[in-house]
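Visitor: Quick one: the structure is below, and I'll ask about it shortly.
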Amino acid sequence: MRAARAPAPGRDGSDAVQTIRAEDVTALYEGAKFYSPAVGDANRTWLTSWTSQLLDRNGPVVLAPPDALPPATTAISLCIIGSGFALADLPPAGDEFALAVERVARLQRVRFEAVYPLAAATVSAFAPVVAASQLGVPLVDADGMGRTYALIHHTSMHLAGVSPTPLVVQGPTGESVLVEVLTAPRADRVLRANVDTLGGWAALAAYPTTVGTLRRAALPGTMSRLLEVGRVLLAGGDADGLEQRLALVTGCRRIGRGRITGLEHLSRPTDVTIPTHPSSVVVDELSGRQRQLRLELRSEVVAVLADGELVAAAPDVVNLVDVSRGELATLDSLEPGDLVDVLVSPAGALWYSPEALAMVGPHSHGITLEHPGRR
Amino acid sequence: MDTRPRSTGSAGVLLTPHGTAAALVVDGRPPVPVVLPHDGGSDPDGAFRAVAAVAAAERVRLEVVTVDLSGLLLDAVLHGGPSTSPTVAVRVVPRASTDPALERSPAAAVERLVVQRFTVAGGHDLLGHELCPLDLSQLGLVCEAVRRGGFRHLAVAAAGSPARPDHERAVANAVQAAVPGCDITAGSEFGGQGLAAREATAVLNCSLRPLARTLVDGLEAAAARSLPGVALRVARGDGGHLLLARAAELPAAALGATDAMELRGAAHLAGQDDLRVVLRRPAGAVCGHVRRGLVVVRTGQLPGLGTELVVPTAALAPMPAADVGAEEVAPDRGAELTACVGAATSRPTSWLDEVALIDSTAELERVRDEVEQRATAMATANGARPGTAHVVDLSVVAVPYSPSGTVRIRVRVVGERDIAARPEPVRRAS
């Protein structure tokens, strides 16, 4: 069983140039949570407040599809590498994103004329918006993941042969690290220890390229889709109605509704290649076949098993909706007894190729079962 | 006529800027609303006299009265005025903000309480590793500015302080030495995740302390007149309660108590431990939950405040939501009476929310035991009878996108009321 085909991004007209204004920031935050439910709300207010004030002060950010910009336009991706928890406890001084871009620009002796998200999800979705506002450049409506993956070479750009380096991480301590590696997978390994030393998170500027390259190497329309998902989530209502409206934008479907009966942690040895310990959430379905759903977590939900059968797995996007609140449940807020809907949305079609599945599919997380879409 | 008490009971009293409410609760009997004088304002004297009179009439020996001060405290914050104290905010991070929007609290209500802000270089990461030595020369300038400004209230919040409060303590010690008697709240007194939330909580707490002390003194004096020998407690935002002395020092823990007490009271009146409660609010209905007799809480925002806090409060969601397959009640006795019932039946609680690095199951057990012991000690300090505090909620969640073994541990502890501990001396930190 494979998640339904994702509706093409841009179905609301996102093939045209748009703007991101201060009043869009709450939708940006909610949409970013959908594509990465790992993010909690500990730093929601200051992050949205800061970004809103930047957009008020500097004016709206132009959100341009790759086709709307000249192909020679130089562009660089941005994200927040590390932990959202660390970011909440050690807020940015404010110049980290622009400094990271400027340091790569100085090294390459170019001026970046646009920025784009490395991952249009989680707090990382804010990084390119902030940088675009501070640098006065457009934001390309395309990214490298269309969700989040744990490692920075898990991108469509890497699959298209674009190097992530030279890259710079700029930490909240004021320190920075320039990384140049021989092969893309080395970059993350080199970075992790540095990010921990910088305080647990850092602004990352990587994949310097041109918009012409992004037209073939990036996933188009993912920022405008994220904003649209955010607006759906903000509209609220009951869980059933919310999920129906989300399905129109994301192609999501409900796997089951049930109560959380268990949260298991540290049940298996640590996988050294992927940050964080494996853990599990057990949901007992309330109706229908009354299956036991087991969600395998790394930094995101990477697999869902129903009575032992794999029914969804990375790269699918798996979300939980808190039924009683009619809103997304973030992974750090789950408690036994919560009534949740388990939703699965398809990732971009690119991620279901054999090469991409080998990189981000269930096997990469130590789950030795075939992705449901390949059986 | 025999007027000797036939049973024991407890009372809940709600003090708000708009008046008071009270109820008497005796096991196995419907709660008795206490009729209060209309012009009583928020003076506890009238409320306590009325409670004592009703208890006597019902032939109930009162053991404990729990007072909800959260309405008075939040009103002071939201509407300003002389009851809050201008507070200096000191933030300890490796670098000062380059954007003024990041320098301030996102909440105007919190920022109004701040008379001056300083940043001192320093701070730790989530796991307690020092990121930057504390800048002692900057700290000296801060001390001098506080002394020269004649400021008497200071809140300090440092990055990573729940794991390592050294820099906050160093700031507090230096300021205390420079300005003896300065009233200081440190963010690590509350723990929790997020520097902005911790700083906002510390500022609120520091600014509200003088008001809280005045209120607590008033409660003690009123109780001495009308309720001699009755234990007094203050309602917490998590649906529990704490001792007067603790409330005087940690008023932030009392914020948001009314919502939690209304949920708790509704569950008590319904005679159920697991249910969804619909609360009527001017802006529309909201719902909250009670599970296993405890109000479901989160660290989040209080309505109207505009920033997250690190103290837990009732998790409320706008209605409508789907049928959740649980019992649902909408209190029909009035929000104030229901909240008073909740306060009367509350118990001492504590809550900890921490991050730790563990490398084995044995290490996890050790860390969990240590957190449980501290939370248990806190619940006892909040008024639990020794030996009765026990863990009712414990979650250990891997922290995403962090080094392997980084976990968030949240623990909630509840105890039985220690009514034998009365009368309770109020301690003062300064």
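Visitor: Find which of B:Ser42, A:Ser156, B:Val297 sits farthest along the positive direction of the dipole of the protein assembly as shown, computed with +1 on the beta-carbon of Lys and Arg, -1 on that of Asp and Glu, about the Cα centre.
Guide: Towards the positive end, the residue furthest out is B:Ser42.
Visitor: Where does chain B land at 222 nm, in deg cm²/dmol rounded to the nearest 500, when only DSSP H runs of n ≥ 4 count, each adding -39500 (n - 2.57), divided by all residues? The partial results should precede the final answer.
Guide: Numbers: 11 runs with 142 residues, N = 430.
Helix-only estimate at 222 nm: -10500 deg cm²/dmol.
Visitor: What whole-number value in Å² describes the accessible area per residue of the stretch B:181-280 for a 1.4 Å probe? It would help to have the intermediate numbers written out before the result.
Guide: Details: 2210 Å² over 100 residues.
Result: 22 Å² of accessible area for each residue.
Visitor: Still on this structure: If you project the alpha carbons of the stretch B:194-272 onto the principal axes, what extent comes out on each, in Å, largest first?
Guide: For the stretch B:194-272, the Cα spread along each principal axis is 39, 36, 13 Å.
Visitor: At 0.36 nm per residue, and after removing the present C-alpha to C-alpha distance, how many nm does the segment from B:Ala178 to B:Val115 gain when stretched out fully? Kindly include the intermediate steps, with their values, before the conclusion.
Guide: Numbers: separation 63, 0.36 × 63 = 22.68 nm, distance 1.84 nm.
That works out to 20.8 nm of additional length.
Visitor: Along each principal axis of its Cα atoms, how long is chain A end to end? Whole angstroms, biggest number first, please.
Guide: Projected onto its principal axes, the Cα set of chain A covers 61, 41, 38 Å.
Visitor: Turning to a different aspect of this structure: Using Cα atoms only, what is the angle between the long axis of helix B:70-79 and the major principal axis of chain B, expressed in degrees (0 to 90) to the nearest 10?
Guide: Approximately 50 degrees, to the nearest ten.
Visitor: Looking at the stretch A:291-330, which residues lose a minimum of 50 Å² of accessible area between their chain alone and all protein chains in place, measuring with a 1.4 Å probe and not counting ligands or nucleic acids?
Guide: Checking the loss per residue gives A:Ser324, A:Arg325.
Visitor: Can you compute the charge dipole magnitude of the protein assembly as shown about its Cα centre, using +1 on each Lys and Arg Cβ and -1 on each Asp and Glu Cβ, nothing else charged? Give it in debye, rounded to the nearest 20. Show your work: numbers first, answer last.
Guide: On the way: 75 positive and 87 negative charges, 73 e Å.
The dipole magnitude comes to about 340 debye.
Visitor: For B:Thr98, put the label point 7 Å out on the Cα→Cβ axis and report which residues of the stretch A:124-147 keep their amide N under 16 Å from it.
Guide: Label zone hits: A:127-137.
Visitor: I've got another one for you. Rounded to the nearest 100 Å², what is the buried accessible area between A and B, both sides summed, probe 1.4 Å?
Guide: Details: alone 14650 and 18610 Å², together 28510 Å².
For A against B, buried area totals roughly 4700 Å².
Visitor: Also, quick follow-up: Ignoring ligands, DNA and RNA, please state the percent of accessible area on the stretch A:161-229 from carbon and sulfur, probe 1.4 Å. Don't jump to the answer; show the numbers that get you there.
Guide: Numbers: 1190 of 2330 Å².
Whole-percent figure for carbon plus sulfur exposure: 51.
Visitor: Another question, if that's okay. Per the Kirkwood formula on distinct C-alpha pairs, the Rh of the protein assembly as shown is how many angstrom?
Guide: Numbers: mean 1/r = 0.0364 Å⁻¹.
This gives a value of 27.5 Å.
Visitor: Then there is this: Ordering A:Leu350, A:Leu334 by how much accessible area each has at a 1.4 Å probe, largest first, what is the list?
Guide: Values: A:Leu350 65, A:Leu334 5 Å².
From most accessible down to least: A:Leu350, A:Leu334.
Visitor: Could you look at the stretch B:148-194 and say what percent of its accessible area is carbon and sulfur, using a 1.4 Å probe and all protein chains? Walk me through the numbers before you get to the answer.
Guide: On the way: 790 of 1680 Å².
C and S fraction of accessible area: 47 percent.
Visitor: Around A:Ala105, under 14 Å between beta carbons, what's the net of Lys plus Arg minus Asp minus Glu among the other residues? Mind dumping the intermediate values first?
Guide: Details: positive: A:Arg103, A:Arg106, A:Arg109, A:Arg111; negative: A:Glu102, A:Glu113.
After counting each charged neighbour, the total is +2.
Visitor: For chain B, what is the convex hull volume of the alpha-carbon atoms per residue, in Å³? Write out the running numbers ahead of the final one.
Guide: Details: hull volume 66.4 nm³, N = 430.
Convex hull volume per residue, Cα atoms: 154 Å³.
Visitor: While we're here: How tilted is helix B:136-149 with respect to the longest principal axis of chain B? Cα atoms for both, answer in degrees (0 to 90, nearest 10).
Guide: Helix B:136-149 sits at roughly 50 degrees to that axis.
Visitor: How far is it, in nm, from the label point at B:Arg374 to the one at A:Arg215 when both lie 7 Å from their Cα along the line to the Cβ?
Guide: 5.7 nm
Visitor: Can you pull the accessible area of B:Asp359 for me, 1.4 Å probe, Å² to the nearest 10?
Guide: That residue has around 130 Å² of solvent-accessible surface.
Visitor: Counting each pair of different Cα atoms once, what's the Kirkwood radius of the stretch A:86-184 in Å, rounded to one decimal?
Guide: On the way: mean 1/r = 0.0703 Å⁻¹.
For the stretch A:86-184, inverting the mean 1/r across all distinct Cα pairs yields 14.2 Å.
Visitor: On to the next question. Measure nothing but the geometry: give the 0 to 90° angle between the long axis through the Cα atoms of B:335-344 and the longest principal axis through the Cα atoms of chain B, rounded to 10°.
Guide: The two axes meet at around 80 degrees.
Visitor: To the nearest 20 debye, what is the magnitude of the charge dipole of the stretch B:91-146 about its Cα centre, counting +1 on the Cβ of each Lys and Arg and -1 on the Cβ of each Asp and Glu?
Guide: Numbers: 5 positive and 7 negative charges, 41 e Å.
Once rounded to the nearest 20, the dipole reads 200 debye.
Visitor: May I ask what percent, to the nearest 5, of DSSP beta bridges between residues of the protein assembly as shown are antiparallel? Don't skip to the end; give the middle numbers.
Guide: On the way: 101 of 139 bridges.
The answer is about 75 percent antiparallel.
Visitor: Plugging the Kirkwood radius over Cα pairs into Stokes-Einstein for the stretch B:1-73, at a temperature of 10 °C and a viscosity of 1.306 mPa s, what D comes out in µm²/s?
Guide: On the way: Rh = 12.5 Å.
Reported coefficient: 127 µm²/s.
Visitor: Given 0.36 nm per residue, what is the gain on full extension from B:Ala224 to B:Asp75 after removing their alpha carbon distance, in nm?
Guide: Values: separation 149, 0.36 × 149 = 53.64 nm, distance 2.67 nm.
51.0 nm is the gain from fully extending B:Ala224 to B:Asp75.
Visitor: Can I ask one more? Which of the listed residues, A:His371, A:Val302, A:Val281, is farthest toward the dipole's positive end in the stretch A:220-375, when Lys, Arg count +1 and Asp, Glu count -1 at the beta-carbon?
Guide: A:His371
The values are calculated or read from the model by the stated rules, or taken from the named source; none is laboratory data. Here the structure is a predicted model, which is why all the values come from computation and not from measurement. A quick note on method: Cβ atoms are made from the backbone with ideal geometry, for glycine too, and the neighbour counts reach across all protein chains shown. For the accessible areas, the whole protein counts, side chains as well, though only heavy atoms, and no ligand, DNA or RNA atoms are used. Shrake-Rupley method; radii C 1.70, N 1.55, O 1.52, S 1.80 Å.
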